[in-house]
Amino acid sequence: MPAARVDLELPFGKRCDAFYCPACGAPIAQPEHGLSPTPCEHLRFVYLESVGLFAFVADDLREALDRAERAADEAADEAWDPLDAVCALLPEQNVICVHLTTGGMACGPVWESTVYGLDLLGRGAREHGRERDAEEPVAAPR
Ligand SMILES: [Zn+2]
């Protein structure tokens, strides 16, 4: 089961003044202050769907995502999708992907979506998980 997807669509013409982390309440994105997100420990990535680019990827995900992209390049995988790839790197539990869609007038009506990937348990749970993985039993000497 993939990470839970949450779709939020604002009424046409309404801008998103701020997007807050649902786990800690930190203001992650305040578009009026620029497009760069202000990550809290729960934010794993921000993906700008209309341009197909990440505005933010957590450091510990960046390398694995780069590796996945190189592998897709080498395999000439044209179906490779950066959003699917980053979601595949995240645990299935405790992660939500919020697809926030806004619409406004440019040369015509334009809709755009920003996807916020959030691990609701935060850094402590991730580090605990890594420690647990590292504690695999060692084979007894013969
Ligand atoms: Zn947070």
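The values are calculated or read from the model by the stated rules, or taken from the named source; none is laboratory data. Note that the structure is a prediction, hence the values are computed from the model and not measured. Reconstructed Cβ throughout: ideal geometry from the backbone, glycine too, with neighbour counts over all protein chains shown.
Being within 13 Å of the ligand (Cβ to nearest atom), surrounded by fewer than 16 Cβ atoms within 10 Å (Cβ to Cβ) and at pLDDT below 95, is that true of even one residue in segment 27-37? I'd like the intermediate steps shown before the answer.
As a first pass, look at segment 27-37 and keep what is within 13 Å of the ligand (Cβ to nearest atom): 27-29, 37.
Narrowing the set further to residues that are surrounded by fewer than 16 Cβ atoms within 10 Å (Cβ to Cβ) leaves 27.
Add one more test, that the residue is at pLDDT below 95, and what stays is 27.
Yes, some residue in segment 27-37 is within 13 Å of the ligand (Cβ to nearest atom), surrounded by fewer than 16 Cβ atoms within 10 Å (Cβ to Cβ) and at pLDDT below 95.
Going residue by residue through segment 77-97, is there one that turns out to be modelled with pLDDT of 90 or more, loosely packed, with under 13 Cβ neighbours inside 10 Å, acidic (Asp, Glu) and over 18 Å from the mean Cα position of the chain (by Cα)?
No, segment 77-97 contains no residue that is modelled with pLDDT of 90 or more, loosely packed, with under 13 Cβ neighbours inside 10 Å, acidic (Asp, Glu) and over 18 Å from the mean Cα position of the chain (by Cα).
Could you look through segment 46-60, keep only residues that are among the small types (Gly, Ala, Ser) and surrounded by fewer than 16 Cβ atoms within 10 Å (Cβ to Cβ), and pick out the one that is farthest from Thr102 (Cα to Cα)?
Applying the filter and picking the extreme gives Gly52.
Of the residues Cys87, Cys40, which is within 22 Å of Arg123 (Cβ to Cβ) and assigned to a helix (DSSP H, G or I)?
Result of the check over Cys87, Cys40: Cys87.
Consider Gly124 against the criteria (1) at pLDDT 80 or above; (2) among the small types (Gly, Ala, Ser); (3) assigned to a helix (DSSP H, G or I): it satisfies all of them except one. Which criterion is unmet?
Condition (1) is where Gly124 drops out.
Kindly establish whether Glu69 is modelled with pLDDT under 90, of a type outside the set (Gly, Ala, Ser) and either more than 30 Å from Phe12 (Cβ to Cβ) or within 11 Å of the chain's Cα centre (by Cα) (or both).
no
Let's see how each residue does on (1) among the charged types (D, E, K, R); (2) more than 16 Å from the ligand (Cβ to nearest atom); (3) touching a residue at least 40 places away in the same chain (Cβ under 8 Å); (4) under 22 Å from Ile28 (Cβ atoms):
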| residue | (1), (2), (3), (4) |
| --- | --- |
| Leu43 | no, no, yes, yes |
| Glu49 | yes, yes, yes, yes |
| Phe54 | no, yes, no, yes |
| Ala58 | no, no, no, yes |
| Leu65 | no, yes, no, yes |
| Ala76 | no, yes, no, no |
| Leu83 | no, yes, no, yes |
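Taking the stated definitions as given, is Cys16 over 12 Å from the mean Cα position of the chain (by Cα), within 16 Å of the ligand (Cβ to nearest atom), assigned to a loop (DSSP other than H, G, I, E, B) and surrounded by 14 or more Cβ atoms within 10 Å (Cβ to Cβ)?
No: the conditions fail for Cys16.
Right, Ala72: more than 30 Å from Pro109 (Cα to Cα), assigned to a loop (DSSP other than H, G, I, E, B) and away from the ligand (no atom under 16 Å from the Cβ) or not?
No: the conditions fail for Ala72.
Spot the failing condition for Pro11; the list is (1) within 14 Å of the chain's Cα centre (by Cα); (2) outside any strand (DSSP E or B); (3) under 21 Å from Val110 (Cβ atoms), and only one is missed.
(1)
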